[in-house]
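Where a number appears in this text, it was derived from the coordinates with a stated rule and is not lab data. What you see is a predicted model; the values in this text were computed from it and never measured. Glycine also receives a Cβ, built like all others from the backbone with ideal geometry; neighbour counts cover every protein chain displayed.
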Amino acid sequence: MIEYIYIIENTVSGKLYVGRTNNPKLRQRGHFSELRRGVHNNPKLQSSYNKHGEDAFSFSVVDACDGEAIREREQEWFDKFNRDTSILYNCHFQTHGGPIITGPLAEETKLKISEAIKDNTRKYIFSILDERYSDKASLRQLSDKYGVGINTICSYIPEWEVKTGLVMIANTQIEQTLERVERFIEDYDKGLANLSHAPKYGTTVQSIRKYCVSFDREPSEFKGDTFKQDAKQKALNAIQYMNDTGCSAAKAIRHCKSSATTFYKYLNQA
């Protein structure tokens, strides 16, 4: 059985939690479910989650091997970190049968650790892309098999193509989604669209936030309060229309595509 080494990283503070599992997706859901409920068995990780929020944390698989070698591989990862609580959430640094590691880390060592994580992640994703190219496996199958997000796999394709000199087979569904999100972002930047218009572009708010990173944008730029602002504006338009034409409230609500709840909320405030 294949087992995996994963890292939960606080992208705000740079601190890390190193773990191992035979089912990355299930383990990821388990961690974040416990963190959301405030019952995670790692108090340092829970405290940091409470402070920074879920958006500050990322989960990534950085290594994998068969079950017989996983202990040694896990120990290698612990060896990279020593016992430095300034960068690790782990409460202990002893894998099954492995020694306890001690000693602080210098800034130069921390940088090497960071680069090692990136390098191992790159090798891991490249092996997935090799499989996609050779076996024509779908991105969804690979994502489910290896516990890596589709967007993460796709983000490494350009680098993989440069390294191998090959051209990755296209994924029509992903490419079409990226095209829709790109069109939305272009109009969003021009002030011609907001999140409530996502369906008009054949996409969803979730897809916009997921794939906007492909266009050097941050998910936090596309916040949900745009819906509230849009709903408020429709309600105000309906109130103005009713006052200008003398029509009924119901007709004004239909004409301006407002919700009755929002309409009466702002009508009562007028």
Query raised in the report: How much FRET efficiency would the formula 1/(1 + (r/R0)^6) give for Val39 and Ala249, where r is the Cβ-Cβ distance and R0 is 51 Å, rounded to 0.05?
Result: 0.60
**Report entry** Overall Cα dimensions of the stretch 172-223, principal axis frame, Å, largest first
**Finding:** 29, 22, 17
Query raised in the report: Once the Cβ-Cβ distance between Ile169 and Asp66 is put in as r, and R0 is 35 Å, what FRET efficiency do you end up with, to the nearest 0.05?
Result: 0.80
Report task. Could you compute the FRET efficiency for Val162 and Ala137, with r as their C-beta to C-beta distance and R0 at 25 Å, rounded to 0.05? Result -> 0.70
Query raised in the report: For the residue pair Leu267 and Glu54, what label-to-label distance in nm results when each label sits 7 Å from Cα along the Cα-to-beta-carbon direction?
Result: 3.7
Query raised in the report: Separation between the Asp119 and Met1 pseudo-spin-labels, each 7 Å from Cα along Cα→Cβ, expressed in nm?
Result: 3.1
Report summary line: Amide H contacts under 5 Å for Ala64, restricted to residues at least 5 apart in sequence or on another chain and with H modeled in the peptide plane, are Ile5
Requested in this report: Report the label-to-label distance for Ser13 and Lys200 in nanometres (one decimal), using points 7 Å from each Cα along the Cα→Cβ vector.
Outcome: 4.3
Report summary line: If amide H atoms are modeled at 1.01 Å from N in the peptide plane, then the residues at a separation of 5 or more from Leu88, or on another chain, having amide H under 5 Å from its own are Leu16
**Report entry** Gyration tensor (Cα) of the stretch 227-269, equivalent ellipsoid semi-axes in angstrom
**Finding:** 15, 10, 8
